[in-house]
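Asks: Let me give you the structure first, and then I'll get to my questions.
The values are calculated or read from the model by the stated rules, or taken from the named source; none is laboratory data. Only a predicted model underlies this, so the values are computations on that prediction, with no experimental measurement involved. Here the Cβ is made from the backbone with ideal geometry for all residues, glycine too, and neighbour counts use every protein chain on show.
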Amino acid sequence: MENKHWINHKAWFFAFITLIILILLALVYVFISISNDDQYPHSKNEQINKDFTISFNNAELESLMNASIAQYDIQTNITKKALSFDTHTKILGKEIPIKLKTKPVKLNNDTIKFDIQAIDIGKLNISNPFILSQIKKHSDLPPYIHVNPKDESFYLSLDQLDIDNVESIQIQTLDISAKKWYFDIKLK
């Protein structure tokens, strides 16, 4: 009985670490960009053996994400149509709300594509490609995040993540409208 209890804790630990990384990567994207458009993720249709699968519904994922990024003063909101990140910044002593609204889509087993639906910075009406190009131009994102201003999206390559004791993370199902988030984890 104690063995099953440990396996449950181990699965939640890796689920928590995986979600923290996914959330932080999305947040880093908002404030930072990468240097090259040519670094598109390549399709991989290879299947791996998995040690376990982590599953979440939208409410569980939102709660976990909010708890893990609370220190950054960022809130997430997951609806059937979008995953949004809300924060604020001070400009000239005034609080300006910032909202990044995305739709995550499984591109392949290793890559999540976040289609940008809207980027709201206060009441400014700035085009998404312009904001994304500025993020890309003036930031230094890690190699597993690729920003593409032309198609108004960014990519998270799970196969390029380096997590202790995790050999690979692959997307089994990612369907925001059906509230299904499943990730296969293979341990080292």
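Asks: Condition first: assigned to a loop (DSSP other than H, G, I, E, B) and farther than 22 Å from Leu107 by Cα. Now tell me which residues in region 121-146 satisfy that. Let's see the steps before the verdict.
Replies: Narrowing region 121-146 to residues assigned to a loop (DSSP other than H, G, I, E, B): 122-123, 125-127, 139-144.
Correct list: Gly122, Lys123, Asn125, Ile126, Ser127, Ser139, Asp140.
Asks: Residues to consider are Lys101, Lys90; find the one that is outside any loop (DSSP other than H, G, I, E, B) and either touching a Gly at 6+ places or on another chain (Cβ under 6 Å) or surrounded by 15 or more Cβ atoms within 10 Å (Cβ to Cβ) (or both).
Replies: Values: Lys90 fails: either touching a Gly at 6+ places or on another chain (Cβ under 6 Å) or surrounded by 15 or more Cβ atoms within 10 Å (Cβ to Cβ) (or both).
After ruling out the rest, the residue left standing is Lys101.
Asks: So which residues in region 53-82 are touching a helix residue (DSSP H, G or I) at 6+ places or on another chain (Cβ under 8 Å), within 25 Å of Gln172 (Cα to Cα) and either at pLDDT 80 or above or in a loop (DSSP other than H, G, I, E, B) (or both)? Full working, then the answer.
Replies: Residues of region 53-82 touching a helix residue (DSSP H, G or I) at 6+ places or on another chain (Cβ under 8 Å): 54, 56, 61, 64-65, 68-69, 72, 74-80.
Next cut, within 25 Å of Gln172 (Cα to Cα) only: 54, 56, 61, 64-65, 68-69, 76-80.
Within region 53-82, Ile54, Phe56, Ile69, Thr76, Asn77, Ile78, Thr79, Lys80 qualify.
Asks: Could you check Asn108 against (1) within 19 Å of Ile185 (Cα to Cα); (2) crowded, with 19+ Cβ neighbours inside 10 Å; (3) not basic (Lys, Arg) and say which number it fails?
Replies: Unmet for Asn108, out of (1) within 19 Å of Ile185 (Cα to Cα); (2) crowded, with 19+ Cβ neighbours inside 10 Å; (3) not basic (Lys, Arg): (2).
Asks: Six or more apart or on different chains, Cβ under 9 Å: which pairs go from a residue in region 109-136 that's more than 25 Å from Gln170 (Cα to Cα) to one that's part of a strand (DSSP E or B) and of a type in the set (S, T, N, Q)? Could you list them?
Replies: These pairs meet every condition: Ala118/Ser84; Ala118/Thr102; Ile121/Thr89; Asn128/Gln117; Leu132/Asn148; Leu132/Ser153; Lys136/Asn148.
Asks: Those residues that are part of a strand (DSSP E or B), in contact with a helix residue (DSSP H, G or I) (Cβ under 9 Å, 6 or more places away or on another chain), farther than 20 Å from Leu187 by Cβ and not β-branched (Val, Ile, Thr), I need them from region 147-174; list them, please.
Replies: Kept after step one, since they are part of a strand (DSSP E or B), are these residues of region 147-174: 147-148, 153-157, 163, 166-174.
If we keep only those that are in contact with a helix residue (DSSP H, G or I) (Cβ under 9 Å, 6 or more places away or on another chain) as well, we get 147-148, 153-154, 156, 163, 166, 168-171.
Next, from what is left, pick out any that are farther than 20 Å from Leu187 by Cβ: 147-148, 153-154, 156.
Of everything in region 147-174, those that are part of a strand (DSSP E or B), in contact with a helix residue (DSSP H, G or I) (Cβ under 9 Å, 6 or more places away or on another chain), farther than 20 Å from Leu187 by Cβ and not β-branched (Val, Ile, Thr) turn out to be Asn148, Ser153, Phe154, Leu156.
Asks: Give just the number: which of (1) in contact with a Lys or Arg (Cβ under 7 Å, 6 or more places away or on another chain); (2) among the small types (Gly, Ala, Ser); (3) without any contact (Cβ under 8 Å) to a residue 40 or more places away in the chain; (4) not in a strand (DSSP E or B) does Ser177 not satisfy?
Replies: Here Ser177 meets the rest and fails (3).
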